[in-house]
1. So which pairs qualify, if the first residue must be in the stretch 64-76 and more than 13 Å from Lys40 (Cβ to Cβ), the second must be of a type in the set (Lys, Arg) and assigned to a loop (DSSP other than H, G, I, E, B), the Cβ gap must be under 7 Å, and the two must be at least 6 apart or on different chains?
2. Can you name the condition, by its number, that Ile95 falls short on among (1) more than 13 Å from the chain's Cα centre (by Cα); (2) of a type in the set (A, V, I, L, M, F, W, C); (3) outside any helix (DSSP H, G or I); (4) modelled with pLDDT of 65 or more?
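The values are calculated or read from the model by the stated rules, or taken from the named source; none is laboratory data. Computed from a predicted structure; not experimentally measured. Ideal geometry is used to build each Cβ from the backbone, glycine not excepted, and the neighbour counts take in all protein chains shown.
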Amino acid sequence: MEQLVEERIREFLRRLGPALDSETRLHELFVRQVERPLVKVVLEATAGNQIRAAAILGIHRNTLRKKIAELGLAPKARKRKGRDRMGRRDGRPVILAFGGFDRPGARAC
């Protein structure tokens, strides 16, 4: 793997050519380019389990969470099934009066 990485770095530097002299953050650039796919692949391998991913990477879970945010790898919010915090299903109000009912179209006695 080291040999492959070394070849890719040499190729990248050749492509930079004279612009290499004006580069001042090459180390940061390379660390970022390697870190993002590494974290992404490990998260995929653990089905998004951040505790397992952090253990595999050898970092604390809070450090991983910080990196996920910094690298733009935060998962998209999923719509949850069931009731929300207000007791509604699928956005409809749930009426719980005098014995309660929660069927659409049900009437109070």
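1. Every condition considered, no pair remains.
2. (4)
For every residue, the table says whether it meets (1) of a type in the set (D, E, K, R); (2) surrounded by fewer than 12 Cβ atoms within 10 Å (Cβ to Cβ); (3) not assigned by TED's automatic domain parsing to the domain that holds His60.
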site	(1), (2), (3)
Ile9	no, no, no
Leu13	no, no, no
Leu16	no, no, no
Ala19	no, yes, no
Arg25	yes, yes, no
Phe30	no, no, no
Glu35	yes, no, no
Val39	no, no, no
Leu43	no, no, no
